[in-house]
1. Within the bounds of segment 133-141, is there any residue that is within 23 Å of GLN208 (Cα to Cα) and not in a strand (DSSP E or B)?
2. From the list LEU185, LEU212, pick out the single residue that is modelled with pLDDT of 90 or more, among the hydrophobic types (A, V, I, L, M, F, W, C) and within 21 Å of THR149 (Cα to Cα).
3. What are the residues in segment 111-132 that are more than 19 Å from ARG79 (Cβ to Cβ) and either of a type in the set (Phe, Trp, Tyr) or assigned to a strand (DSSP E or B) (or both), if any?
4. How many of the residues in segment 173-217 are out of contact with any strand residue (DSSP E or B) (no Cβ under 7 Å at 6 or more places or on another chain) and either free of Cβ contacts under 8 Å to residues at least 12 places away in the same chain or part of a strand (DSSP E or B) (or both)?
5. Give segment 108-126 a look and list any residue that's surrounded by fewer than 20 Cβ atoms within 10 Å (Cβ to Cβ) and polar (S, T, N, Q), or say none.
6. Could you please find all residues in segment 46-63 being of a type in the set (Ser, Thr, Tyr), part of a loop (DSSP other than H, G, I, E, B) and in contact with a strand residue (DSSP E or B) (Cβ under 7 Å, 6 or more places away or on another chain)?
7. With VAL84, VAL92, VAL105 as the choices, which residue is surrounded by fewer than 17 Cβ atoms within 10 Å (Cβ to Cβ), part of a strand (DSSP E or B) and modelled with pLDDT of 95 or more?
Amino acid sequence: MAQTRRSTGNTQTKAPRLDRVDPQNLGAGYAGDLGANSTVDGLSFEALELDSLALDYATVSESVFAGVTADEAELRSVRIVDTVLESVNVPVLRAARSTWRDVVVRGSRIGSAELYETGLRALRFENCKLGYVNLRGASLNDVLFVDCTIDELDLGQATAARVAFDGCSVRALDLQQATLSDFDLRGADVQEIAGIRNLAGVTINGLQLGMLAPALAESIGIRVEG
């Protein structure tokens, strides 16, 4: 059954299409099962404390990571499918050019996330605290942020379709040279937007339009006096 964000009224904006992610019948996972180029399938990792979570070029499928803490996570070019990450605490995440599909990230804290040139499809971030999220040049399809606090979200040169925010706070959003469609910002409190000329494909509410009006006017050379 597909999940959709809470409705705020009649809309023509397409919501993210998300299926339930709930891996079952999992075996016990241990730190020794993790490593670069490894294959992790059908395992549950609980309450791990690591210096480094190393999964460069690995494949992770139908697994659960719960209560995992690491000083840093190395996930370059990793492929993660049908997996739940819950209560994961990682100050530094390096996952450039990785692939994520049908993944839930819940109740987690990530400081700096290097996700540039990644492919994200059918992801749900719920009740997460995210610092600087670098998604420059990434491809996002069907991504939902629910009750998240985000310091900086960099989507410069990214392509994003059916992305929505519900009950979120975003201090700074960078959309420079981004290509967007069905990008629903109505559920986000955004304090600052870079790339005001790249708002085509974005859905906002009336209050947000009023707040953005001065920047929009300035971007197209409108002078407001009197």
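The values are calculated or read from the model by the stated rules, or taken from the named source; none is laboratory data. Keep in mind that what you see is a predicted model, and the values were worked out from it rather than measured. Cβ coordinates were reconstructed from backbone atoms using ideal geometry, including for glycine residues, and neighbour counts include every protein chain displayed.
1. No, because not a single residue in segment 133-141 is within 23 Å of GLN208 (Cα to Cα) and not in a strand (DSSP E or B).
2. The conditions single out LEU185.
3. Listed by number, the residues that qualify are GLY111, SER112, GLU126, LYS129, LEU130, GLY131, TYR132.
4. Of the residues in segment 173-217, 8 are out of contact with any strand residue (DSSP E or B) (no Cβ under 7 Å at 6 or more places or on another chain) and either free of Cβ contacts under 8 Å to residues at least 12 places away in the same chain or part of a strand (DSSP E or B) (or both).
5. Passing the criteria: only SER112.
6. SER63
7. VAL92
Results for (1) in the same structural domain as PHE165 (by TED's automatic domain parsing); (2) within 30 Å of ARG186 (Cα to Cα); (3) at pLDDT 95 or above, shown as yes or no for each residue.
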{"position": "MET1", "(1), (2), (3)": "no, yes, no"}
{"position": "THR8", "(1), (2), (3)": "no, yes, no"}
{"position": "LYS14", "(1), (2), (3)": "no, yes, yes"}
{"position": "LEU18", "(1), (2), (3)": "no, yes, yes"}
{"position": "LEU34", "(1), (2), (3)": "no, no, yes"}
{"position": "GLU46", "(1), (2), (3)": "no, no, yes"}
{"position": "GLU49", "(1), (2), (3)": "no, no, yes"}
{"position": "LEU53", "(1), (2), (3)": "no, no, yes"}
{"position": "ASP56", "(1), (2), (3)": "no, no, yes"}
